[in-house]
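The values are calculated or read from the model by the stated rules, or taken from the named source; none is laboratory data. Here the structure is a predicted model, which means the values were calculated and not measured. Cβ: placed from backbone, ideal geometry, glycine included. Neighbour counts: every protein chain shown. Accessible surface areas use protein heavy atoms only, side chains included; no ligands, DNA or RNA. Shrake-Rupley method; radii C 1.70, N 1.55, O 1.52, S 1.80 Å.
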Amino acid sequence: MNPYVLFFFIPLGWFVTMFMLEAGSVVMIPICRYENYRERMIFVVGSLWAIIATSLVYTVVTLDGLFAPIMYATGEALLGVLLALVVILAFHHFLIGVAEGADSLGRHATSKLYLTAAVPFVLLVAFLGNTIFTSVFSGYGIGLKLPLTTVATVLEKGDLPYILHTAPNTQVFYPNYMQMIFNPFNWVFFVAVVLYVVYFTVTFYGIKERFLVGILALTLAHALFLASTAVWLPIVFSSAVGNAGFWIYVILTYVLLYLATHINVPWRQVWIVLLTWIGAIMFGVFTQGYILYDTTHSILAPLGLPAVPASLLLTIQPTLVAGTVVLGVAAFLVIGGVSAVSYKLLYKQAVKRAEEAKTETK
Amino acid sequence: MLNIYNYSTSNFLVKGEKMVDMFVFDRVLAAYTMAAHVLFTYWAISLPFFIVAAEYLGYRRNDPYYLALAKRFSVVMAVLFAVGSAIGAAIAVEFLTAWYKWMFLVNEVEILPFELEVLAFFTEVIMLALYLYGWDKMGRTAHMILGLMIGVGSVTSGILITIVNSWMNTPQGSFDVATYYQTGQLTGINPIAGLWPPAANGEIPMMMAGSWFVGFGSLVGYFSFRKAFSKNLDTYSKEYYNRGLKLATYLAALDAIFLAWAGDHAGKELYSIQPLKLATLEGLMQTQAHAPMNIGPISIPGLLSFLTTWNPNAVVLGYSSFVKSDWDPIWWLAHDAYDIHATLGIIGAIIMWILAAAYLFPRFGRTFSWLGLDNPAEKKLPLYVGFIIGWLQVVAWEAGWVAAETGRQPFVIWGPMVQTSSGLYMIQYGLLTSEAYNPNPDIFGIGIAIMTAIAIAIVGTPIMLKRLFAKREIKQDVVAITTSGPSFSAQTPITKQTNVSLQSELGKVEKK
């Protein structure tokens with residue numbers, strides 16, 4: 001697998017993990033019955049602003065830097081979903097921000113109201129993000145205006161700049177939003193993601209009272225991930241089931257759930273974040289660097305290719321090499337620096353303040 | 001909603017009645033989003049320096065008012081940073097969708113500044129978090145260094161983004177533009193050369209000096225407004241606003257020296273590397289020696305030649321020396337915006353120098369006591385002028401941005417200037433704006449939604465700030481710092497006990 005393609009899954013996996021943490025907490029805050037967990041969820045949501053913003057920016061810039069030609073797909077086929085995502089993301093940020101502000105001013109009822117209002121936006125962001133993810137890998141909803149072999153040849157020869165220069169109105173892709181959104185792969189995969197988020201939240205907070213819910217959610221999530229990829233993304237399915245690492249990963253998810261809920265395992269939060277991040281990167285590895293699989297497999301298989309290799313979409317070499325060095329350094333800052341600050345300062349301070357407030361009340 | 005769409009003309013009908021041109025709409029969307037984003041950038045670039053200066057003065061003079069300024073404005077900085085970042089994310093997605101062809105070329109050649117900007121942005125985020133939560137957790141010097149690092153991060157971000165803008169004006173060096181223009185082949189790519197395009201020499205100082213000036217100027221506008229229009233200000237609030245006003249005026253006046261040089265230098269740079277853009281901004285139709293400066297109905301002979309070369313008889317190229325297809329179709333907009341930008345900037349600099357001189361040299365102030373300069377923080381006239389001119393710098397900032405962007409038309413990526421066989425000059429451009437936009441009508445509806453969300457964010461930000469400070473009076477913060485030192489938390493709830501000590505401290509200060 002091309003190392004640059006693999007590299008992209010580092011920020012993507014990180015953003016996905018951080019968003020799962022946020023989504024799980026935001027959805028749970030209004031419905032959680034246990035005050036001690038609910039309080040920690042509020043602290044976590046309050047501590048995530050820096051890390052969510054930076055990991056999103058990092059993912060977008062990495063996409064830009066590594067895959068220049070993919071702009072044609074974003075601009076011609078994914079534009080509707082991407083732009084809608086920005087609007088919903090704005091409302092999501094706004095509502096969570098106001099809830100945080102209200103909470104810091106001691107208006108907890110108002111805070112809960114705004115967090116409840118944020119829930120549908122969080123789910124919509126997750127769904128649209130999932131839709132982009134599944135359509136890029138399966139190809140659903142991304143139509144080609146030109147023959148696939150022509151596009152592949154243009155990309156292989158690096159002739160896209162020439163096309164832009166000589167025929168700027170040439171359209172390569174076109175969107176089919178109905179197919180992009182309402183295909184079964186997208187929905188089954190989304191349900192699997194939601195179930196994984198349930199497991200993630202139970203493990204992250206060590207909610208012993210919901211251990212069985214965690215097991216059920218995790219089992220269903222694994223089953224749906226496997227079933228959906230078996231039917232619609234077989235390259236991922238066959239890579240996963242034939243790989244011992246995947247099965248070790250599956251076992252570890254169960255072990256961690258038990259340890260997190262029954263034994264107060266040290267660094268519980270770190271382990272689940274790490275495991276989820278590795279899982280997301282593993283998904284990338286299992287794609288073997290191929291995209292638009294379902295819609296191009298039948299055309300390209302006779303030519304010896306299972307689907308479109310993402311490496312065809314890489315940026316011109318000198319820019320790519322220089323950029324990757326910078327993006328590598330950025331990875332340390334966003335994954336190390338911002339995470340450390342979010343945890344040590346934002347989260348720990350919030351917990352400390354709450355404990356001080358409790359002591360004062362007593 | 002969309003009945004008919006024609007890709008070749010990019011026009012489509014909304015409800016069968018009104019024609020919408022996506023070429024215009026995509027530009028309006030980008031301009032609107034960017035205009036909203038730059039509203040927040042000048043604060044991001046200037047506030048850290050204002051806050052650290054206040055913190056330094058607070059410690060040095062043992063003055064709780066300056067420390068209260070630093071603390072309260074650090075909360076403002078955090079809120080503005082969050083909203084500005086969110087609008088920045090909207091711009092990033094618009095680049096990927098509405099301007100994807102332009103973004104494709106940027107990714108292939110000039111993505112390195114954006115990637116480095118990520119490092120600067122992360123530094124800013126980390127330092128901001130450390131600064132906000134580090135008031136009582138570290139030494140004073142270390143804390144102020146953190147504050148300065150936020151400023152370094154935001155300035156570096158600004159520089160790197162402006163470098164991409166400079167590259168759009170002068171991409172020469174980062175790739176072989178002439179070959180691309182002639183054959184469509186991307187060759188000679190040098191990402192390192194793209195880190196300092198020729199236009200950056202003029203643009204970067206202008207961006208830095210301009211954003212500081214607008215930031216400090218708008219602070220002068222804010223404090224002047226509070227002093228001039230707030231009724232029944234208590235002693236604490238008066239002292240607080242006086243210090244803020246004085247500090248912001250000094251910083252603006254100091255930066256105005258840099259700004260004056262940067263503005264002059266940017267004009268000279270344009271003269272030597274982008275004479276067509278200079279002609280657009282100055283509205284110069286004819287190539288001529290002794291070229292005049294045209295500001296509205298006023299024309300001053302020889303001034304343009306003099307300002308761009310120090311020689312009043314120098315020849316300045318006008319539109320008559322360029323092929324007609326390269327003329328900016330909206331040159332009038334660029335020219336008018338530039339006039340507004342320059343005029344307001346110059347007036348603003350002069351006013352800030354006068355106000356700073358009145359604060360610094362009491363004798364100067366007394367000489368002009370009829371203008372209220374003997375006590376500029378209390379007299380109505382200087383406060384009104386400070387309020388109006390201070391906030392007008394925001395208009396100058398936006399106008400400058402409009403001039404820079406519309407003045408680059410019809411190209412989105414410029415190129416080298418060559419002479420044709422007819423003797424006229426032409427630009428071997430990288431990309432025309434008319435080639436770069438996305439004609440897909442799906443952008444229209446969602447674009448309107450984005451514009452609405454941004455409008456809500458802009459209106460909602462001051463409301464949110466007002467609510468944040470609604471229950472936190474200035475005297476409360478000043479007295480808390482006096483009693484507990486700067487270690488008190490901005491989010492500490494006021495308990496009954498602290499309120500009693502607050503009242504007692506207030507009494508002591510009022511007796512003094």
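Check whether at least one residue in the range A:213-220 is within 20 Å of A:Val273 (Cβ to Cβ) and either within 14 Å of chain B (Cβ to nearest Cβ) or not in a helix (DSSP H, G or I) (or both), and report yes or no.
The answer is no; no qualifying residue exists.
Here are the criteria: (1) surrounded by fewer than 21 Cβ atoms within 10 Å (Cβ to Cβ); (2) modelled with pLDDT of 85 or more. Tell me which single one A:Gly24 does not satisfy.
(1)
Can you tell me which of (1) assigned to a helix (DSSP H, G or I); (2) away from chain B (no Cβ under 14 Å); (3) buried (at least 19 other Cβ atoms within 10 Å of the Cβ) is the one A:Leu155 doesn't meet?
Only one criterion is unmet by A:Leu155, namely (2).
Looking at the range B:104-116, which of its residues are closer than 25 Å to A:Pro168 by Cβ and part of a helix (DSSP H, G or I)?
Residues of the range B:104-116 closer than 25 Å to A:Pro168 by Cβ: B:104-114.
Once the filter is applied, which keeps residues that are closer than 25 Å to A:Pro168 by Cβ and part of a helix (DSSP H, G or I), the range B:104-116 yields B:Phe104, B:Leu105, B:Val106, B:Asn107, B:Glu108, B:Val109, B:Leu112, B:Pro113, B:Phe114.
Between A:Gly279, A:Gly289, which is closer than 22 Å to A:Ile142 by Cβ and of a type in the set (Gly, Ala, Ser)? Working first, answer last.
Values: A:Gly279 fails: closer than 22 Å to A:Ile142 by Cβ.
Exactly one residue qualifies, and that residue is A:Gly289.
Can you go through B:Ile159, B:Ile163, B:Ile145 and tell me which one is open to solvent by less than 10 Å² (accessible area, probe 1.4 Å), modelled with pLDDT of 90 or more and part of a helix (DSSP H, G or I)? First the steps, then the outcome.
Working: B:Ile159 fails: open to solvent by less than 10 Å² (accessible area, probe 1.4 Å); B:Ile145 fails: open to solvent by less than 10 Å² (accessible area, probe 1.4 Å).
After applying the criteria, what remains is B:Ile163.
Yes or no, residue by residue, for (1) within 28 Å of B:Met451 (Cα to Cα); (2) open to solvent by 10 Å² or more (accessible area, probe 1.4 Å); (3) within 8 Å of another protein chain (Cβ to nearest Cβ); (4) assigned to a helix (DSSP H, G or I):
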position	(1), (2), (3), (4)
B:Lys71	no, yes, no, yes
B:Val75	yes, yes, no, yes
B:Val83	yes, yes, no, yes
B:Ala86	yes, yes, yes, yes
B:Ala92	yes, yes, yes, yes
B:Trp102	yes, yes, no, yes
B:Met127	no, yes, no, yes
B:Ile150	no, no, no, yes
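Got a number for residues in the range B:230-245 being without any contact (Cβ under 8 Å) to a residue 12 or more places away in the chain and not in a loop (DSSP other than H, G, I, E, B)? Spell out how you get there, then give the answer.
Pass one, the range B:230-245, residues without any contact (Cβ under 8 Å) to a residue 12 or more places away in the chain: B:230-233, B:238.
Right, trim to not in a loop (DSSP other than H, G, I, E, B) and you get B:238.
So the count comes out to 1.
Do we find that A:Ile10 is open to solvent by 30 Å² or more (accessible area, probe 1.4 Å), of a type outside the set (Gly, Ala, Ser) and under 30 Å from A:Pro161 (Cβ atoms) in this structure? Even if it seems obvious, please write down each step before you answer.
Numbers: open to solvent by 30 Å² or more (accessible area, probe 1.4 Å): yes; of a type outside the set (Gly, Ala, Ser): yes; under 30 Å from A:Pro161 (Cβ atoms): yes.
It is true that A:Ile10 is open to solvent by 30 Å² or more (accessible area, probe 1.4 Å), of a type outside the set (Gly, Ala, Ser) and under 30 Å from A:Pro161 (Cβ atoms).
Looking only at the range A:38-71, count how many residues are of a type in the set (Gly, Ala, Ser), over 19 Å from A:Phe127 (Cα atoms) and facing another protein chain (nearest Cβ under 9 Å).
First, the residues of the range A:38-71 that are of a type in the set (Gly, Ala, Ser): A:46-47, A:50, A:53, A:55, A:65, A:68.
Checking which are over 19 Å from A:Phe127 (Cα atoms) leaves us with A:46-47, A:50, A:65, A:68.
Within this subset, residues satisfying the condition of being facing another protein chain (nearest Cβ under 9 Å) are A:50, A:65, A:68.
Final tally of qualifying residues: 3.
Taking the condition of being open to solvent by less than 30 Å² (accessible area, probe 1.4 Å), part of a helix (DSSP H, G or I) and aliphatic (A, V, I, L, M), how many residues in the range A:170-186 meet it?
The number of residues fulfilling the criteria is 1.
Considering the range A:214-267 alone, what residues qualify as being among the polar types (S, T, N, Q) and surrounded by 14 or more Cβ atoms within 10 Å (Cβ to Cβ)? Outline the logic, then answer.
Initially, the range A:214-267 is screened for residues among the polar types (S, T, N, Q), giving A:219, A:228-229, A:238-239, A:243, A:253, A:261, A:264.
A:Thr219, A:Ser228, A:Thr229, A:Ser238, A:Ser239, A:Asn243, A:Thr253, A:Thr261, listed by residue number.
Could you check how many residues of the range A:91-114 are in a helix (DSSP H, G or I) and farther than 14 Å from A:Trp49 by Cβ? Full working, then the answer.
Residues of the range A:91-114 that are in a helix (DSSP H, G or I), as a first pass: A:91-104, A:108-114.
Still in the list and also farther than 14 Å from A:Trp49 by Cβ: A:91, A:102, A:108-114.
Total meeting the criteria: 9.
With respect to B:Ala403, determine if the residue is under 16 Å from B:Ala279 (Cβ atoms), of a type outside the set (Ser, Thr, Tyr) and not in a strand (DSSP E or B). Full working, then the answer.
Numbers: under 16 Å from B:Ala279 (Cβ atoms): yes; of a type outside the set (Ser, Thr, Tyr): yes; not in a strand (DSSP E or B): yes.
For B:Ala403, the condition - under 16 Å from B:Ala279 (Cβ atoms), of a type outside the set (Ser, Thr, Tyr) and not in a strand (DSSP E or B) - is met.
Quick one: in the range A:286-304, which of the residues that are among the polar types (S, T, N, Q), open to solvent by 40 Å² or more (accessible area, probe 1.4 Å) and more than 21 Å from the chain's Cα centre (by Cα) is nearest to A:Leu66 (Cα to Cα)? Step through it out loud before you land on a result.
Initial filter on the range A:286-304 (among the polar types (S, T, N, Q)): A:287-288, A:295-296, A:298.
Going one step further and asking which of them are open to solvent by 40 Å² or more (accessible area, probe 1.4 Å), we end up with A:288, A:295, A:298.
Among the residues that remain, those that are also more than 21 Å from the chain's Cα centre (by Cα) are: A:295, A:298.
Details: A:Thr295: 23, A:Ser298: 27 Å.
Result: A:Thr295.
Please specify each residue of the range A:328-362 satisfying the condition of being touching a Pro at 6+ places or on another chain (Cβ under 8 Å), facing another protein chain (nearest Cβ under 9 Å) and at pLDDT 75 or above. Quick ask: steps written out before the conclusion?
Narrowing the range A:328-362 to residues touching a Pro at 6+ places or on another chain (Cβ under 8 Å): A:331, A:334, A:357.
Filter once more, keeping what is facing another protein chain (nearest Cβ under 9 Å): A:334, A:357.
Correct list: A:Val334 only.
Give the residue that is surrounded by the fewest Cβ atoms within 10 Å (Cβ to Cβ), with candidates limited to residues of the range B:166-188 that are of a type outside the set (S, T, N, Q) and assigned to a helix (DSSP H, G or I). Write out each step before concluding.
Step one: list which residues in the range B:166-188 are of a type outside the set (S, T, N, Q), which gives B:167-168, B:171, B:173, B:175-178, B:180-181, B:184, B:186, B:188.
The next check asks that each one be assigned to a helix (DSSP H, G or I); those that pass are B:167-168, B:177-178, B:180-181.
Working: B:Trp167: 29, B:Met168: 22, B:Val177: 24, B:Ala178: 15, B:Tyr180: 26, B:Tyr181: 18.
Looking at the filtered set, the residue picked out is B:Ala178.
In the range A:72-98, which residues are at the interface with another protein chain (Cβ under 8 Å from one of its Cβ atoms), within 22 Å of A:Gln179 (Cβ to Cβ) and either touching a Phe, Trp or Tyr at 6+ places or on another chain (Cβ under 7 Å) or touching a residue at least 12 places away in the same chain (Cβ under 8 Å) (or both)?
A:Tyr72, A:Thr74, A:Gly75, A:Glu76, A:Leu78, A:Leu79, A:Gly80, A:Leu82, A:Ala84, A:Leu85
Tell me whether the range A:305-318 contains one or more residues that are within 11 Å of another protein chain (Cβ to nearest Cβ) and farther than 29 Å from B:Gly194 by Cβ.
Looking through the range A:305-318, none of the residues is within 11 Å of another protein chain (Cβ to nearest Cβ) and farther than 29 Å from B:Gly194 by Cβ.
If I filter the range B:372-391 down to residues being assigned to a helix (DSSP H, G or I) and open to solvent by 60 Å² or more (accessible area, probe 1.4 Å), which single residue comes out as farthest from B:Asp255 (Cα to Cα)?
Restricting attention to the range B:372-391, the residues satisfying the condition of being assigned to a helix (DSSP H, G or I) are B:380-391.
When the remaining residues are screened for being open to solvent by 60 Å² or more (accessible area, probe 1.4 Å), the result is B:380-381, B:384, B:388, B:391.
On the way: B:Lys380: 25, B:Leu381: 23, B:Tyr384: 22, B:Ile388: 19, B:Trp391: 16 Å.
Top of the filtered list is B:Lys380.
From the list B:Gly202, B:Gly217, pick out the single residue that is of a type outside the set (Val, Ile, Thr), closer than 30 Å to B:Asp477 by Cβ and open to solvent by less than 10 Å² (accessible area, probe 1.4 Å).
On the way: B:Gly202 fails: closer than 30 Å to B:Asp477 by Cβ.
B:Gly217 is the lone residue from the list that is of a type outside the set (Val, Ile, Thr), closer than 30 Å to B:Asp477 by Cβ and open to solvent by less than 10 Å² (accessible area, probe 1.4 Å).
Among the residues in the range B:117-124, are any more than 9 Å from every other protein chain (Cβ to nearest Cβ), crowded, with 24+ Cβ neighbours inside 10 Å, part of a helix (DSSP H, G or I) and acidic (Asp, Glu)?
Taking the range B:117-124 as the starting set, the residues that turn out to be more than 9 Å from every other protein chain (Cβ to nearest Cβ) are B:120, B:124.
This time we only want the ones that are crowded, with 24+ Cβ neighbours inside 10 Å, so: B:124.
Retained after the next criterion (residues that are part of a helix (DSSP H, G or I)): B:124.
Pick out the ones that are also acidic (Asp, Glu) and you get B:124.
So far as the range B:117-124 goes, yes, one or more of its residues are more than 9 Å from every other protein chain (Cβ to nearest Cβ), crowded, with 24+ Cβ neighbours inside 10 Å, part of a helix (DSSP H, G or I) and acidic (Asp, Glu).
For the range B:424-434, what are the residues that are open to solvent by 30 Å² or more (accessible area, probe 1.4 Å) and within 20 Å of A:Gly75 (Cβ to Cβ)?
Of everything in the range B:424-434, those that are open to solvent by 30 Å² or more (accessible area, probe 1.4 Å) and within 20 Å of A:Gly75 (Cβ to Cβ) turn out to be B:Leu432, B:Ser434.
Checking A:Gly141 against (1) more than 30 Å from A:His222 (Cβ to Cβ); (2) small (Gly, Ala, Ser); (3) within 14 Å of chain B (Cβ to nearest Cβ); (4) in contact (Cβ under 8 Å) with a residue 40 or more places away in the chain: exactly one of these is not met. Which one?
Unmet condition: (1).
Does the range A:16-29 contain any residue that is away from chain B (no Cβ under 13 Å) and hydroxyl-bearing (Ser, Thr, Tyr)?
Of the range A:16-29, the ones away from chain B (no Cβ under 13 Å) are A:16-29.
Filter once more, keeping what is hydroxyl-bearing (Ser, Thr, Tyr): A:17, A:25.
Scanning the range A:16-29, I find at least one residue that is away from chain B (no Cβ under 13 Å) and hydroxyl-bearing (Ser, Thr, Tyr), so the answer is yes.
Within the range A:305-325, how many residues turn out to be of a type in the set (A, V, I, L, M, F, W, C) and open to solvent by 20 Å² or more (accessible area, probe 1.4 Å)?
Taking the range A:305-325 first, the residues of a type in the set (A, V, I, L, M, F, W, C) are A:305, A:307-308, A:310, A:312-314, A:316, A:320-322, A:325.
Filter once more, keeping what is open to solvent by 20 Å² or more (accessible area, probe 1.4 Å): A:305, A:312, A:314, A:316, A:321-322, A:325.
So the count comes out to 7.
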